[in-house]
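The values are calculated or read from the model by the stated rules, or taken from the named source; none is laboratory data. Source: prediction; values computed, not measured. Using ideal geometry, Cβ is built from the backbone for each residue, glycine included, and neighbour counts are taken over all protein chains shown. Ligands, DNA and RNA are stripped out before the accessible areas are found, and what is left, the full protein with its side chains, is counted by its heavy atoms. Shrake-Rupley method; radii C 1.70, N 1.55, O 1.52, S 1.80 Å.
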Amino acid sequence: MSIMVPSKTPALITPGQQALDSALHQLHQAAEHLGLDDGLRTMLATPRRSLTVSVPVRREDGRLDVVQGFRVQHNVSRGPAKGGIRFHPGTDIHEVTALAMWMTWKCALVGIPYGGAKGGVAVDPATLTVREQERLTRRYVNEILPLIGPEKDIPAPDVGTDEQTMAWIMDTYSVSAGYSVPGVVTGKPMTLGGSLGRAGATSRGVQIATLAALGRSPEGVGVAVQGFGKVGALAAQYLSDAGCKVVAVSDVGGAVHAAGGLDVSRLRAHAAEHGSVRGYPHADELPLDDLLELDVDVLVPAALEGAITEANAPRVRARLIVEGANGPLTPEADEIVNASGATVVPDILANAGGVIVSYLEWVQNMQAYSWSSGEVELKLRDLMENAFAEVRSLAGARGLTLRQAAHVIGVGRVAEAHQMRGLYP
Ligand code: NAD
């Protein structure tokens, strides 16, 4: 097994480069297991298209700011590229490439006919007014317009973007096309062709994966959730609904802890009103990073990449880690927690519920038809549970971790698609 060792000193490695190193490390492990040749490995390690754009945005005071934006299509061998758009000041081309690569394996793993993509804008949306966010979104979309389209590349929400952002994207694309094109983006509001069940889909998938991995009654199982955004807040809610005892959650503003369990609905109302879980009156404050080291049964990292590294991994006590976020464990951390006997449900499996229901939204859009929430939930559950069973069975049969097995399946399917299609010309 070969690891791509970066040539820079660790201090100079950005979080984005760290994420890409992790993604390449996982790919090479899977390629080794599958016995892929060097040419195919290079194909899979390299994005098909990468676009970096400069996005000018007029601020309310008349100033002109220019921020960097990215769209990467990692692979399109199994269908159109699919992946979210992130607004975060730390995002860069390396991070977006890593996230696009993980999307490729994720779509293949759960058996939906997409390749992988991701987009990002290096900006903190909290520093922009709503009108500035709208101008920024529309201009960014205009810059990446040649790449996206319902049959080419379909964006969705990610960190720092939401239904409103998706509505602006749909409108900008549709104005340019001259007619409404709901299928260009998923995670839209219901009124524009969004799907029932999409808003909570990633979190529902996290719940399904957690319960499958637990293999016992969830009643009273202690859970800590890092990140209280679109994924983390509803993951906490659904796990609590299933009977788990959610004892701690955090967001960028702070962490709260209640040994007897948090009332997640009240906490969500507090976070909606105050912009953070911090200050929630029915819990104790906790230093942000301590949440990851709590003595709980289940830890759900649902914030950003690189939350658990070789520095804090030896202090992680949860026996089950379910990756709501993409890439929250570095490969070194992964090795440490696996060696300690803990189980990790990897991102490309645990958080696949989002892209599954995005796919269902796109199918409904392409057919100009809509399904009930029951139909959507049934299809989501079916795809998640099948993927989980396949991963667990391969891991058991070959002595692999769940992450290695998930990558062997995902990478293997993409490799097979390449081999069947052959090379043009
Ligand atoms: P979001 O912007 O809605 O929420 C991110 C949350 O993380 C916020 O609560 C933020 O305060 C918190 N956070 C950031 N840094 C933190 C820190 N150091 N400690 C604690 N909390 C911190 O984003 P999201 O859509 O919920 O995405 C979260 C993760 O899930 C990302 O890795 C994303 O790629 C992944 N993901 C999202 C979806 C989706 O459908 N939105 C699907 C699959 C995977």
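Listing for the model above:
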{"quantity": "Separation of the ARG398 and SER276 label points, Cα + 7 Å toward Cβ, nm", "calculated": "4.4 nm"}
{"quantity": "Efficiency of FRET from Cβ geometry, ALA177 and ARG317, R₀ 56 Å, rounded to 0.05", "calculated": "0.60"}
{"quantity": "Segment 217-224 - phi-based ³J(HN,Hα) in whole Hz, Karplus 6.51/-1.76/1.60, Gly and Pro as x", "calculated": "4, x, 4, x, 5, x, 10, 10"}
{"quantity": "Size of the chain as Cα extents on the principal axes (Å, biggest first)", "calculated": "56, 54, 50"}
{"quantity": "Highest-MSF residue in the chain out of ASP21, ASP290, ASP153 [GNM, Cα springs under 10 Å]", "calculated": "ASP290"}
{"quantity": "Carbon/sulfur fraction of accessible area - the chain, other protein chains in place, 1.4 Å, %", "calculated": "52 percent"}
{"quantity": "Listed pairs LYS152/LYS188; LYS82/LYS245; LYS188/LYS245 exceeding 26 Å between Cα atoms", "calculated": "LYS82/LYS245; LYS188/LYS245"}
{"quantity": "DSSP-loop trypsin sites (Lys or Arg not before Pro) across segment 132-216, with at most 13 other Cβ within 10 angstrom", "calculated": "ARG216"}
{"quantity": "The chain - mean residue ellipticity at 222 nm from DSSP helices (-39,500 (n - 2.57) per run, n ≥ 4, rounded to 500)", "calculated": "-14500 deg cm²/dmol"}
{"quantity": "Cα pair count fraction exceeding 28 Å, expressed as % - segment 201-350", "calculated": "9 percent"}
{"quantity": "Surface accessible to a 1.4 Å probe, per residue, for the residues of segment 201-350, Å²", "calculated": "37 Å²"}
{"quantity": "Chain lengthening between GLU310 and ARG59 when straightened (0.36 nm per residue, less Cα-Cα)", "calculated": "86.3 nm"}
{"quantity": "The chain - charge dipole about Cα centre, Lys and Arg +1 at Cβ, Asp and Glu -1, debye rounded to 20", "calculated": "960 debye"}
{"quantity": "DSSP loop GluC sites (Glu not before Pro) with at most 12 other Cβ within 10 Å: longest gap in the chain", "calculated": "220-425"}
{"quantity": "Net charge of Cβ neighbours under 15 Å - reference GLU332; Lys, Arg +1; Asp, Glu -1", "calculated": "-3"}
{"quantity": "Part-to-part distance (alpha-carbon centres) for segment 163-195 and segment 94-147, which is given in Å", "calculated": "15 Å"}
